[in-house]
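Participant: Pasting a structure below so you can have a look.
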Amino acid sequence: MTTRSDLLGSVTEGSRTALLRSEEYEDLFDQAPVIFAALSGPQHLLEAANPAFFDVFGGERRATGVPVGELFPELGRQGVLDRLDAVYRTGAAYRARGGRLVVGTSGAEREGFFDFTYEPRRDGSGRIDGVIVIAVETTTHHHAQLLAAEQRALLEQIARDAALGDILTGMARAIEELAPGLLVSVLLLDPDGKHLRHGTGPSLPDFYNEFIDGIAIGPRVGSCGTAAYLRAPVVASDIAADPRWEGYQETAARAGLAACWSTPIMSGDDQLLGTFAMYHRTPKEPEDKDVALSAAFARITALAIERHRALEAGRAAQEREKAAREDLAFVLEASTAITREPHYFDCLQCMARLTVPALAPLCTVHVVEDGRTRRIATAAAEPATECLLASAGIRDDIDRALARVLSSGRTETGGNCAPALTARPDITGYACVPLTTRGRTFGVLTLLATDRPLDGHVVALAEELARRAASSADNAHQFTDRVRLARDLQAGLLPPELPSIPGAELAASYHPAGEGLDVGGDFYDVFPLPDDRWALMVGDVCGRGAAAATTTGMVRHTARAAARLLNDPADVVTAINEALTEGTTEDTFVSLVYGELRHAGSRLSLDLMRAGHVPPLVRRADGTVEELAHPGLLLGIERDVAGAPCHIELSRGDSLVLVTDGITEARSAEGTFFDEHRLADALRSLPGAAPTAAAVVAAVTAAVTAFAGDSTPDDQAALVLTAT
């Protein structure tokens with residue numbers, strides 16, 4: 001609130017006498033709603049003040065001519081005198097909005113919020129002779145803002161479906177902050193409609209919350225039980241003297257509670273939801289703000305409870321829907337888990353694990369192999385349950401049931417087919433379900449129940465699971481056979497073991513692409529030649545599978561035959577190219593590095609031909625790396641192969657590194673190639689002056705795996721020759 005500038009100027013300036021000024025002050029502010037006080041001198045003598053000032057700050061203290069700090073010592077403790085001193089000393093006005101002050105004498109304090117203006121007052125010569133204080137109390141507005149903010153926060157929690165207990169406790173603490181001295185409790189209607197259960201009471205003693213948890217609803221059951229009974233607010237301003245609190249007064253006194261005002265919480269359709277209570281530690285009648293708080297938060301509490309009930313009802317409906325879909329979810333999840341298993345036995349063992357305890361507490365899986373039936377999996381909820389299988393009677397009856405199911409291909413359950421199973425008190429039911437695929441029953445899933453019968457619903461689930469598991473197991477069986485065949489074929493295209501070359505070490509690695517289902521086109525070979533020479537090569541045939549395997553075999557055999565007859569690596573490569581161009585009808589090409597090695601004193605001398613392949617690298621003993629990037633065309637494309645051998649010599653500790661493009665073209669998760677530069681870096685980073693050939697191969701494969709991971713879309717082969 002503001003005053004007109006001309007009036008304020010007449011108050012703060014001029015040379016009027018104190019009496020004349022007091023008359024002016026009275027004329028201006030006596031009936032005004034603003035708080036006004038005129039202070040004079042450095043001691044801030046209270047020269048004049050309007051009734052509004054004394055109503056807020058004075059109470060019975062309404063004297064003038066006394067230093068304001070002596071008349072109202074509580075203001076000094078809150079920094080008011082320091083601010084007055086600053087205004088008087090500097091002549092600079094002080095203004096504040098929403099300032100907090102605790103006013104009133106000891107035992108009658110209250111919190112207030114004010115908009116303040118402290119203006120310096122000057123005499124006729126312009127010297128400061130006092131301070132004018134003008135203020136507007138904004139406590140009601142402040143509390144209204146806080147109340148609105150707390151209500152918004154609670155409504156947001158309700159909208160976010162926060163837990164009911166969190167909402168109620170947050171609301172209780174908010175009220176206790178808005179109205180210091182109050183203790184809040186919420187009781188919720190029990191499902192039986194006759195009792196009230198604890199909802200929240202964060203500031204009440206635990207023993208008291210426990211004491212009132214479950215109180216009955218009735219006409220003389222404290223404030224809350226009575227309010228719930230009457231469906232109307234109940235005020236007990238003095239618990240000790242209120243007959244409705246008989247039987248509860250001693251506990252209330254022990255908890256330090258002297259007054260309780262309770263309001264019923266009603267739903268939108270006028271149904272009782274619980275009670276909202278405010279406690280006070282001294283006998284007291286509720287003030288208007290307490291009634292307003294109670295009404296406002298009772299409505300919010302009702303909204304929170306109704307929302308909670310709606311959510312609970314929704315969750316119950318979802319649970320029913322979930323129960324109706326559990327069967328399908330179980331079968332889908334179980335079949336997915338089984339399908340992930342790449343091997344035959346793993347699929348069936350996974351099926352056994354998944355049936356316990358979802359379908360039954362005990363499960364076995366039997367399969368037929370080489371005309372004999374054998375158990376390959378057992379799953380039990382408890383070890384004691386599995387011990388049942390040790391019983392000769394049960395084991396024999398299971399075997400007979402298995403034979404019938406394998407013969408008929410149909411599920412067998414209960415009845416008189418296996419009396420030893422159903423007659424035992426610890427067996428409540430059984431089911432033998434066939435594992436059938438492509439019209440052939442190759443196994444049986446057996447479920448034994450020890451705690452409940454196996455109804456048709458469980459049997460139907462077991463049959464569906466067995467059908468899916470049988471298909472996955474059959475696929476896994478074919479997958480395993482195919483992988484084994486591919487590996488056997490691949491092994492036939494690589495040397496069974498590397499030969500021993502005097503003065504040199506050899507090491508190699510081969511990593512097939514993907515699951516290894518197809519024969520790859522990458523190969524390497526090392527073999528002896530006449531005159532104490534050795535041939536070595538690394539190559540890559542385009543494509544995969546049978547065609548690649550055929551071409552790989554042709555290249556290796558041609559190289560071995562031609563190298564024994566021809567003394568020039570270029571001639572050997574030409575012979576391989578002629579075999580490819582004349583012996584294949586499809587567009588087949590090969591990249592190759594072929595070399596011949598001989599001893600030259602203490603060194604190894606090599607002549608290398610490169611035909612469109614990854615350039616060889618030489619790691620010297622001092623750690624430097626050289627790339628042998630002499631040109632050369634792919635084989636199998638043109639009949640004429642141009643090019644001449646590249647000659648290198650290896651001293652002790654030098655290594656020749658030959659790799660296929662599956663290594664240099666390995667990709668990171670971001671799609672970046674490993675490339676020749678990273679390969680060279682991996683070789684440079686090798687520790688020691690002369691690492692072994694095996695250490696070099698290990699470093700290369702480790703670097704590629706760290707860069708691109710274990711899985712690779714292409715075969716990876718490496719051959720390393722190290723001079724010793």
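Participant: Considering only residues of the range 103-130 that are under 53 Å from the mean Cα position of the chain (by Cα) and at pLDDT 90 or above, which is nearest to Ala37 (Cα to Cα)?
Facilitator: Checked the range 103-130; the qualifying residue nearest to Ala37 (Cα to Cα) is Phe116.
Participant: Related question: For the range 587-603, which residues satisfy the criterion of being part of a loop (DSSP other than H, G, I, E, B), under 13 Å from Ile576 (Cβ atoms) and among the polar types (S, T, N, Q)?
Facilitator: Of all residues in the range 587-603, those part of a loop (DSSP other than H, G, I, E, B) come to 587-589, 601-602.
Subsequent filtering for residues that are under 13 Å from Ile576 (Cβ atoms) retains 588-589.
Within the range 587-603, just Thr588 meets the criteria.
Participant: State all residues of the range 231-253 that are part of a helix (DSSP H, G or I) and either more than 18 Å from Ile215 (Cα to Cα) or not basic (Lys, Arg) (or both); if no residue qualifies, say none. Outline the logic, then answer.
Facilitator: Keep residues of the range 231-253 that are part of a helix (DSSP H, G or I), which gives 239-241, 243-245, 249-253.
Answer for the range 231-253, where residues must be part of a helix (DSSP H, G or I) and either more than 18 Å from Ile215 (Cα to Cα) or not basic (Lys, Arg) (or both): Ile239, Ala240, Ala241, Pro243, Trp245, Gln249, Glu250, Thr251, Ala252, Ala253.
Participant: Quick one: Pro286 ticks every box in (1) assigned to a helix (DSSP H, G or I); (2) under 21 Å from Thr200 (Cβ atoms); (3) open to solvent by 30 Å² or more (accessible area, probe 1.4 Å) except a single one, so which number is it?
Facilitator: Looking at each condition in turn, Pro286 falls short on (1).
Participant: Continuing with this model, one more query. I'd like the full set of residues that are of a type in the set (D, E, K, R), more than 18 Å from Gly274 (Cα to Cα) and within 30 Å of the chain's Cα centre (by Cα), limited to the range 153-189.
Facilitator: Matches in the range 153-189: Glu156, Arg160, Asp161.
Participant: Okay, moving on. Pull up the range 201-214, narrow it to residues that are free of Cβ contacts under 8 Å to residues at least 60 places away in the same chain and either touching a Lys or Arg at 6+ places or on another chain (Cβ under 9 Å) or part of a loop (DSSP other than H, G, I, E, B) (or both), then point me to the one that is surrounded by the fewest Cβ atoms within 10 Å (Cβ to Cβ).
Facilitator: Phe207
Participant: Give the residue, chosen from Ala302, Ala296, Ala313, that is exposed (fewer than 14 other Cβ atoms within 10 Å of the Cβ) and outside any loop (DSSP other than H, G, I, E, B).
Facilitator: Answer to the check: Ala313.
Participant: Considering (1) surrounded by 15 or more Cβ atoms within 10 Å (Cβ to Cβ); (2) more than 48 Å from the chain's Cα centre (by Cα); (3) at pLDDT below 90, say which one Arg610 fails and leave the rest.
Facilitator: That leaves (3) as the condition not met.
Participant: Being modelled with pLDDT under 80 and either surrounded by fewer than 18 Cβ atoms within 10 Å (Cβ to Cβ) or under 30 Å from Asp346 (Cβ atoms) (or both) narrows it down to one of Pro495, Pro528, Pro499, so name that one. It would help to see each step written out before you state the result.
Facilitator: Working: Pro528 fails: modelled with pLDDT under 80; Pro499 fails: modelled with pLDDT under 80.
Being modelled with pLDDT under 80 and either surrounded by fewer than 18 Cβ atoms within 10 Å (Cβ to Cβ) or under 30 Å from Asp346 (Cβ atoms) (or both) holds for just one of Pro495, Pro528, Pro499, which is Pro495.
Participant: Report yes if Ala334 is crowded, with 21+ Cβ neighbours inside 10 Å, out of contact with any strand residue (DSSP E or B) (no Cβ under 6 Å at 6 or more places or on another chain), in a helix (DSSP H, G or I) and of a type in the set (Gly, Ala, Ser), otherwise no.
Facilitator: The answer is yes for Ala334.
Participant: Follow-up question, since we're still on this one. Which is surrounded by fewer than 20 Cβ atoms within 10 Å (Cβ to Cβ) and either hydroxyl-bearing (Ser, Thr, Tyr) or within 47 Å of the chain's Cα centre (by Cα) (or both), of Ser655, Ser651?
Facilitator: The unique qualifying residue is Ser651.
Participant: OK, next. Go through (1) open to solvent by 10 Å² or more (accessible area, probe 1.4 Å); (2) modelled with pLDDT of 85 or more for Glu586 and report which single condition fails.
Facilitator: (2)
Participant: Taking only pairs six or more apart or across chains, which ones have beta-carbon atoms under 8 Å, a first residue in the range 262-286 that is without any contact (Cβ under 8 Å) to a residue 40 or more places away in the chain, and a second residue that is surrounded by fewer than 17 Cβ atoms within 10 Å (Cβ to Cβ)?
Facilitator: Filtered contacts from the range 262-286: Thr263/Ala295; Pro264/Leu230; Pro264/Arg231; Pro264/Ala232; Met266/Arg231.
Participant: How about the range 93-111: which of its residues are on the phi < 0 side of the Ramachandran plot and open to solvent by less than 80 Å² (accessible area, probe 1.4 Å)?
Facilitator: Once the filter is applied, which keeps residues that are on the phi < 0 side of the Ramachandran plot and open to solvent by less than 80 Å² (accessible area, probe 1.4 Å), the range 93-111 yields Ala93, Tyr94, Ala96, Gly99, Leu101, Val102, Val103, Thr105, Ala108, Glu111.
Participant: Of the residues that make up the range 159-182, is at least one acidic (Asp, Glu), closer than 16 Å to Ala296 by Cα and out of contact with any Ser or Thr (no Cβ under 7 Å at 6 or more places or on another chain)?
Facilitator: Checking the range 159-182: at least one residue is acidic (Asp, Glu), closer than 16 Å to Ala296 by Cα and out of contact with any Ser or Thr (no Cβ under 7 Å at 6 or more places or on another chain).
Participant: Let me ask another. Being hydrophobic (A, V, I, L, M, F, W, C), under 30 Å from Asp571 (Cβ atoms) and assigned to a loop (DSSP other than H, G, I, E, B) is the requirement here; does Leu606 meet it?
Facilitator: Here the answer is no, as Leu606 does not meet what is asked.
Participant: Within the group Ala227, Ala258, Ala252, which residue is open to solvent by 10 Å² or more (accessible area, probe 1.4 Å) and at pLDDT 95 or above?
Facilitator: Details: Ala227 fails: open to solvent by 10 Å² or more (accessible area, probe 1.4 Å); Ala252 fails: open to solvent by 10 Å² or more (accessible area, probe 1.4 Å).
Matching residue, one of Ala227, Ala258, Ala252: Ala258.
Participant: Determine whether the range 135-154 contains at least one residue that is at pLDDT 85 or above, open to solvent by 40 Å² or more (accessible area, probe 1.4 Å) and in a strand (DSSP E or B).
Facilitator: yes
Participant: Continuing with the same structure: Can you give me the number of residues within the range 556-574 that are assigned to a helix (DSSP H, G or I) and without any contact (Cβ under 8 Å) to a residue 60 or more places away in the chain?
Facilitator: 11
Participant: If you don't mind, there's one more thing I want to ask. State all residues of the range 46-62 that are surrounded by fewer than 20 Cβ atoms within 10 Å (Cβ to Cβ) and more than 16 Å from Ala108 (Cα to Cα); if no residue qualifies, say none. Spell out how you get there, then give the answer.
Facilitator: Applying the first criterion (surrounded by fewer than 20 Cβ atoms within 10 Å (Cβ to Cβ)) to the range 46-62 yields 51, 54-56, 58-62.
Scanning the range 46-62 gives Pro51, Arg62.
Participant: Under 8 Å between Cβ atoms, at least 6 apart or on separate chains: pull out the pairs that start in the range 370-383 with a residue that is without any contact (Cβ under 8 Å) to a residue 24 or more places away in the chain and end on any residue that is surrounded by 15 or more Cβ atoms within 10 Å (Cβ to Cβ).
Facilitator: Arg374/His366; Arg374/Val367; Arg375/Thr364; Arg375/Val365; Arg375/His366; Glu382/Pro361
Participant: Still on this structure, please answer the following. Conditions: (1) open to solvent by less than 40 Å² (accessible area, probe 1.4 Å); (2) touching a Phe, Trp or Tyr at 6+ places or on another chain (Cβ under 7 Å); (3) not β-branched (Val, Ile, Thr). Arg667 meets all but one. Number of the miss?
Facilitator: (1)
Participant: Hey, another quick one. So in the range 589-607, with the set limited to residues that are under 13 Å from Met537 (Cα atoms) and open to solvent by 10 Å² or more (accessible area, probe 1.4 Å), which one is farthest from the chain's Cα centre (by Cα)?
Facilitator: Ranking the qualifying residues of the range 589-607, first place goes to Asp607.
The values are calculated or read from the model by the stated rules, or taken from the named source; none is laboratory data. Since this is a predicted model, take the numbers as computed values, not measurements. Methodologically, a virtual Cβ is constructed for each residue, glycine included, from the backbone with ideal geometry; neighbour enumeration extends over all protein chains shown. The area values use the complete protein model at the heavy-atom level, side chains included, leaving out ligands, DNA and RNA. Shrake-Rupley method; radii C 1.70, N 1.55, O 1.52, S 1.80 Å.
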